[in-house]
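Trainee: The structure is given below, and queries will be raised subsequently.
Bear in mind these aren't lab numbers, they're just calculated from the coordinates by the rules spelled out. Since this is a predicted model, take the numbers as computed values, not measurements. A quick note on method: Cβ atoms are made from the backbone with ideal geometry, for glycine too, and the neighbour counts reach across all protein chains shown.
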Amino acid sequence: MEVFLSIFIGLSAGICSGLFGIGGGIIIVPLLVFLFALPQQVATATSLTALLLPTGALALWQYHQKGLLSTDNMKIGFIISVGMFIGAFFGAKIATSLQSETMTRIFAVFLVVVAIRLWFTAK
């Protein structure tokens, strides 16, 4: 189940990355919090594992040094990165087939849904 959820998160982040140019903070972190019930800092560290090569190497090291990133969470992050690689291709294909106004509205709805969910589930 963990591998399936990790692939789902990676594909979701990849598609949204291709569609909207986003992924880590808006997609991966909330989904790790919701689906894996990870604390915010651990979810952030796990997300950085997925984004390691393009953006997160130095930040990842800091989380690891503070004990906020386990080997298991690094594994989840690496699996997510495979899904992102594939998902971004499909997200870009979808984005290039939609009108700009449609993209803006889809993104706005997505952000509102995530914001509401985070607001009411904050601990």
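Trainee: Checking the cross-link filter: which lysines have an alpha carbon closer than 27 Å to that of LYS123, excluding same-chain neighbours under 8 positions apart?
Mentor: Within the straight-line cut-off, LYS123 pairs with LYS66, LYS75.
Trainee: Taking a temperature of 25 °C and a viscosity of 0.890 mPa s, what whole-number D in µm²/s does Stokes-Einstein yield for the range 11-123 with Rh from Kirkwood over alpha carbon pairs? Write out the running numbers ahead of the final one.
Mentor: Details: Rh = 14.5 Å.
Translational diffusion coefficient: 169 µm²/s.
Trainee: If you put +1 on each Lys and Arg Cβ and -1 on each Asp and Glu Cβ, how big is the dipole of the range 20-123 around its Cα centre, in Debye rounded to 20? Could you put the intermediate results ahead of the total?
Mentor: Values: 6 positive and 2 negative charges, 23 e Å.
The calculation lands at about 120 debye.
Trainee: Let me ask another. What is the packing order of peptides 87-93, 111-117, 43-49, 12-18, taking the mean over residues of other C-beta atoms within 10 Å and listing the highest first?
Mentor: Packing proxy ranking, top to bottom: 43-49, 12-18, 87-93, 111-117.
Trainee: Just the number: Rg to Rh for the range 59-118, Cα atoms, Kirkwood Rh, two decimals.
Mentor: So for the range 59-118, dividing Rg by the Kirkwood Rh gives 1.14.
Trainee: Something else: Given an 8 Å cut-off on Cα distances and at least 6 residues of separation, report the relative contact order of the chain as a percent.
Mentor: 38 percent
Trainee: On a 0 to 90° scale, report how tilted helix 40-50 is relative to the longest principal axis of the chain, with both axes built from alpha carbons and the result rounded to the nearest 10.
Mentor: The answer is roughly 70 degrees.
Trainee: Given the -39500 (n - 2.57) contribution per DSSP H run of 4+ residues, what per-residue ellipticity at 222 nm results for the chain, rounded to the nearest 500 deg cm²/dmol?
Mentor: Value at 222 nm, helices only, nearest 500: -26000 deg cm²/dmol.
Trainee: Do any chymotrypsin sites (Phe, Trp or Tyr not before Pro) in the range 1-79 lie in a loop, going by DSSP, with at most 10 other beta-carbon atoms within 10 Å of their beta carbon, and if so which?
Mentor: Passing both the DSSP loop test and the Cβ count: no residue.
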